[in-house]
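First up is the structure itself, then whatever we jot down about it.
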């Protein structure tokens, strides 16, 4: 039995770089903290970008205070060259976080930058709202928290009720999951997307 948070064999992700985009309040704790710890333990470099550097206040179940996380990058300071240095974009959920993140132009633009360059985007729970906002759900098959399924369909995507969906359509991989309960499957596909880079 390993001490790893997931049940699959974690690849060596040394040298891979991941950018997580969040707001400073309302991120679902486990959807940020668990991937951060998992990816860093596998050797990946992970930066957290928020509207401003400093403390990100996470929540548990959209209401109870969670563990704080430090944002080491400010979204507005990220240049195109900065974005080009990452291998995967991670978009955690949390209703409050994901709804506010849709208003952050730099976060919306980042999804487009990754997709156009063929790099993977991984979004969980309410995180796929950012993909919808960026106009990139069209033609994609994805999952999300169930309340987003109408938004996904209205944006031209196909919504599925599965623990994880990995869709490489249009030359870029979109990995999506529904809730923190799906984190094992989500991280397995995130690992696979990073290992393939």
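Quick note: the coordinates plus some simple rules give every number you see, no bench work behind them. Note that this is a predicted model, so its numbers are computed, not measured. Virtual Cβ from ideal backbone geometry, glycine too; neighbours counted across all protein chains shown.
Length gained on full extension, residue 72 to residue 163: 29.8 nm, using 0.36 nm per residue less the C-alpha separation. Could I have the simple spin-label model distance between residue 181 and residue 53, label points 7 Å from Cα toward Cβ, reported in nm to one decimal? Here the answer is 4.0 nm between the modelled labels. Only Cα pairs under 8 Å and 6+ residues apart enter the sum, and on that basis the relative contact order of the range 47-172 stands at 19 percent.
Projected label points at residue 170 and residue 80, each 7 Å from Cα along the beta carbon direction, are separated by 2.0 nanometres. Considering the range 17-195, its Cα convex hull presents a mean projected area of 8.5 nm². Packing, taken as the mean count of other beta carbons within 10 Å per residue, orders the peptides 95-104, 125-134 from highest to lowest as 125-134, 95-104. Once you order the gyration tensor axes a ≥ b ≥ c over the Cα atoms, which shape class does the range 123-197 get: rounded for a/c under 1.5, otherwise prolate or oblate by comparing a/b with b/c? Oblate. Residues of the range 77-103 with amide nitrogen under 19 Å from the 7 Å Cα-to-Cβ point of residue 64? Of the residues in the range 77-103, 93-97 have backbone N under 19 Å from the label point off residue 64.
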